[in-house]
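The values are calculated or read from the model by the stated rules, or taken from the named source; none is laboratory data. Since this is a predicted model, take the numbers as computed values, not measurements. Here Cβ is always computed from backbone atoms with ideal geometry, including for glycine, and neighbour counts include all displayed protein chains.
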Amino acid sequence: MKGTVHYEKHNEIALLSIDNPPVNPLSSGVRQGLYDGVTTALADDGIKAIVITGMHRAFIAGADISEFGAAATEGMSLHETIHKMEASSKPIIAAINGTAFGGGLEVALCCDYRIAAATAPVGLPEVKLGLLPGAGGTQRLPRLIGAKAAVTAIVSGDPILAPQALEKGIIDRIAEGDIVNAGIEYAEEIVAAGSATRKIRDMDEKVVADRGDNSVFETAAAQIEKTHRNQFAPTQILKCVEAAVNADSFDEGLKAEARLFAECLSHPQRESLIHIFFAERAANKIPDLSRETELIEINKGSIIGAGTMGGGIAMCFANAGIPVRLYDNDPENLQHGLEVIEGNYARTVSRGRLSQNDMDSRMSLIIPTEDFDELGDSDVVIEAVYENLDLKKEIFTRLDKVMKPGALLATNTSGLDVDAIAAVTSRPELVCGMHFFSPANVMRLLEVVRGKESTPVTLGTAMALGKRLGKVSVMAGNCPGFIGNRMLAGYRRQAELMILQGATPAQVDSVLYGFGLAMGPFAMTDMVGLDLGWRARKMIGGSNEVTVRIQDELCEMGRYGQKNGKGYYQYAEGDRTPLPDAEADEIIERVATEVGFERREFGDDEILKRCIYAMVNIGAKLLEEGHALRAGDIDTVYVNGYGFPTYVGGPMWYADTQGLDGVLADIQSYFEESGDDVWKPAELLKKLVADGDNFAALDA
Ligand code: 3H9
């Protein structure tokens, strides 16, 4: 059995310590150990109360996620264990030392009392895995904090830090000093006061008060439409909490929860979301780098360039408590960059999501400088100037002279050749790409780009730094566009080709929005601004690429996108809603005819396949070339950096779910039809189909 629970006696108190490193999920040995521990304590007349705590860094991280969808495991089920605890005639105290998530918090809610370390987060994040709290959480939490607060907590799945949990009434106390001692002292106090038990299942006041008022659920349902569009679990959660409020008894509510949980468990979204959970963690691991290898210690950072990217990256450092120098050679840029950072923080403070004190301390960690030499004593420097290879080479030549030996040198390029940049230094082994996504202080993705000389220690340091900065890091090979932008180019190109061939921007966007993307490619381009690419192309004398002809023509006609109210769409003053525009449609038709396209009707199915399968084929080529290490890495890039719906699992997972043989057949037929190289089926894809395998099997 996996995991165990240690049993110790402290006079009249039994202490059960959960031991399943690193984060104590409720694997078979933990469930059995808790059951046995409670049984032993109940049978011992000398024991008057039981304290449960976690060893290592968590209390309990929840059910063991690796068991979902796997064969049934041995030992007690979680329900049997929880039932045993709740039926205990001796009070049980949860001493929450660290994270208590999902089934972990549900275990604590079956205890009679809860005390937590001040830094411990609690929460019910099952929704993020396509699930709902299935061990009574949807029934007990509303009894403790009321339906409205419970719906907010369970639908968001967000962590709640101990002080807020205390305020809400989820826990009873915050421990001062050592949590285990505090838990035992609390238990002794309860014993001295008569050993009263206190079962949440018997607390009815809050749900009785909520009965007959459906407004909480109606408001939440409307909100879910916006925040969790197309997702299955959130609506199931609402039904569970409704049952907690309206069912005839606690046990009836539990039955409803069990039924709705089972529906989530067998839903494909659950599988996709759990795939992403493990893919994100696997992506963080670098082959050839053992856990014991010493990485470069990062205590101070430097950022070059105080523009949008540089400023955002500096904020990431400050948010993580790492002092950072922000360099710009233009004093006005530097000043403006600092003002933008200050404005960003001030907005967060005004929304109540950051205290003024925290803002001040973060600002004090960002040290502006116009003196390049001052960067030299940093442990890491990240260059974040605009995309110009010559400029980046010049900066790295200077960095090589000033940076202390052993410092990590990173470029935030979004697609330029990292080897060419590394080659101008005398220490290419310490150079890699760290490609942040805009806005860098918000977006979770970080592509760590492996140059041909970058060592595992260099890459491992960049990945570990990404984790400290709160990012999901993925290693990508050094090819144009790396993983994300290389695939995006394929997707964008298909969208442009289809509007040349007869689809409308609104039709393409609506298909991709329906699929789950936050917006389609044309609404996105209007938002970013069509003129950026147009101006860049003009500087190099224009482009013959047929797929930029429409953009160029729209710009020539003064249509730059949202910024001036017209692009592929038109916009009403002060409104960002894209509205179809006959003038834009005419331009598109005219350009299509000029470049010799025959127009035809498109079905939604073809639009979706052309956009997504183009990415899949490029993704397969990235894997074949070794520029992506795992199919799950590609999925991780797409859900964290490009708004791909997490509940679909990323493009490669999506391809698996469609059946790779069908995907290959479509790609093959697009290739025969168009002769376009992008559709030449990847050898890896052909091999997987021939072997009856899929992308997930490659990663296993
Ligand atoms: C649930 O509880 C359902 C119930 O309501 C009902 C049941 C009937 N299981 O993230 P890290 C592994 S659903 C198995 O890098 P951190 C993880 O894969 C569950 N394994 O550390 C990794 O392994 P490896 C609800 C788990 O400190 C290692 O632990 N709970 C689990 O950055 C370290 O993880 C959740 O959704 C698990 N539950 O973050 C919580 N959790 O080293 C999910 C982690 O081999 N977990 N592992 O790659 C988390 O949010 C974070 O892992 C946590 C720690 C905050 C706990």
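To keep it simple, each residue is scored yes or no on (1) buried (at least 23 other Cβ atoms within 10 Å of the Cβ); (2) within 15 Å of the ligand (Cβ to nearest atom); (3) modelled with pLDDT of 95 or more.
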site	(1), (2), (3)
Ala71	no, no, no
Leu109	yes, yes, yes
Pro121	no, yes, yes
Leu132	yes, yes, yes
Ala147	yes, no, yes
Val151	yes, no, yes
Ala162	yes, yes, yes
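Tell me, which residue of segment 73-91 that is more than 10 Å from the ligand (Cβ to nearest atom) and among the hydrophobic types (A, V, I, L, M, F, W, C) is surrounded by the most Cβ atoms within 10 Å (Cβ to Cβ)?
We begin by selecting, within segment 73-91, every residue more than 10 Å from the ligand (Cβ to nearest atom); these are 73-76, 80-81, 83-91.
Next, only the ones that are among the hydrophobic types (A, V, I, L, M, F, W, C) stay: 76, 85, 87.
Numbers: Met76: 19, Met85: 22, Ala87: 12.
Ranking the qualifying residues of segment 73-91, first place goes to Met85.
Determine which member of the set Val449, Val402 is of a type in the set (A, V, I, L, M), within 20 Å of Val639 (Cβ to Cβ) and free of Cβ contacts under 8 Å to residues at least 40 places away in the same chain.
Val449
Applying the selection to segment 621-666, what residues are small (Gly, Ala, Ser) and not in a loop (DSSP other than H, G, I, E, B)?
Within segment 621-666, Ala628, Ala631, Gly632, Gly641, Ala655, Gly662, Ala665 meet the criteria.
Go through (1) in the same structural domain as Val472 (by TED's automatic domain parsing); (2) within 16 Å of the ligand (Cβ to nearest atom) one by one and return the number of the condition Gly310 breaks.
(2)
Thr197 versus (1) in contact with a Lys or Arg (Cβ under 9 Å, 6 or more places away or on another chain); (2) part of a helix (DSSP H, G or I); (3) not aliphatic (A, V, I, L, M): which is the lone unmet condition?
Here Thr197 clears every test but (2).
Test Ala116 against the criterion of being under 20 Å from Ala94 (Cα atoms) and away from the ligand (no atom under 11 Å from the Cβ), and give yes or no.
On the way: under 20 Å from Ala94 (Cα atoms): yes; away from the ligand (no atom under 11 Å from the Cβ): yes.
Yes: the conditions hold for Ala116.
For segment 510-618, give me every one of the helices (runs of 4 or more DSSP H) that falls completely inside it and has 1 or more residues that are touching a residue at least 40 places away in the same chain (Cβ under 8 Å).
521-528, 549-556, 582-594
Only one of (1) modelled with pLDDT under 95; (2) under 28 Å from Gly619 (Cα atoms); (3) surrounded by 14 or more Cβ atoms within 10 Å (Cβ to Cβ); (4) in contact with a helix residue (DSSP H, G or I) (Cβ under 7 Å, 6 or more places away or on another chain) is not met by Val528, so which one is it?
(4)
Among the candidates Ala262, Ala258, Ala243, Ala233, single out the residue that is farther than 14 Å from Leu131 by Cβ and either within 13 Å of the ligand (Cβ to nearest atom) or among the small types (Gly, Ala, Ser) (or both).
On the way: Ala262 fails: farther than 14 Å from Leu131 by Cβ; Ala258 fails: farther than 14 Å from Leu131 by Cβ; Ala233 fails: farther than 14 Å from Leu131 by Cβ.
Ala243 is the lone residue from the list that is farther than 14 Å from Leu131 by Cβ and either within 13 Å of the ligand (Cβ to nearest atom) or among the small types (Gly, Ala, Ser) (or both).
Let me spell it out: the conditions are (1) modelled with pLDDT of 95 or more; (2) part of a loop (DSSP other than H, G, I, E, B), and Arg353 meets all of them except one. Which number is the exception?
Of (1) modelled with pLDDT of 95 or more; (2) part of a loop (DSSP other than H, G, I, E, B), only one is false for Arg353: (1).
I need the helices (runs of 4 or more DSSP H) fully contained in segment 200-283, keeping only those with at least 3 residues that are at pLDDT 95 or above and not aliphatic (A, V, I, L, M).
Numbers: elements: 205-210, 215-227, 233-246, 250-265, 268-283.
Where helices (runs of 4 or more DSSP H) fall fully within segment 200-283 and carry at least 3 residues being at pLDDT 95 or above and not aliphatic (A, V, I, L, M), they are 215-227, 233-246, 250-265, 268-283.
Which pairs do you get when a residue that is within 20 Å of Pro133 (Cβ to Cβ), found in segment 60-81, comes within reach of a residue that is of a type in the set (Val, Ile, Thr) and more than 11 Å from the ligand (Cβ to nearest atom), reach meaning Cβ atoms under 6 angstrom, with the pair 6+ apart or on two chains?
Short answer, once both residue conditions are applied: Glu67/Thr73.
Are there any pairs with C-beta distances below 6 angstrom linking a residue in segment 198-221 that is within 16 Å of Asp251 (Cβ to Cβ) and assigned by TED's automatic domain parsing to the domain that holds Met85 to a residue that is at pLDDT 95 or above and small (Gly, Ala, Ser), with the two at least 6 apart or on different chains, and if so which?
Val207/Ala244
What about Val51, is it assigned by TED's automatic domain parsing to the domain that holds His83 and buried (at least 19 other Cβ atoms within 10 Å of the Cβ)?
yes
Looking at (1) more than 30 Å from Ala584 (Cα to Cα); (2) not in a loop (DSSP other than H, G, I, E, B), which one does Ala440 not meet, given that it meets all the others?
For Ala440, the failing item is (2).
Out of segment 420-439, which residues are in contact (Cβ under 8 Å) with a residue 24 or more places away in the chain and surrounded by fewer than 24 Cβ atoms within 10 Å (Cβ to Cβ)?
Across segment 420-439, the qualifying residues are Ala420, Val424, Thr425, Ser426, Arg427, Pro428, Glu429, Phe437, Ser438, Pro439.
Going through segment 591-650 one residue at a time, which ones are under 13 Å from the mean Cα position of the chain (by Cα) and of a type in the set (Val, Ile, Thr)?
Correct list: Thr636, Val637, Val639, Thr646.
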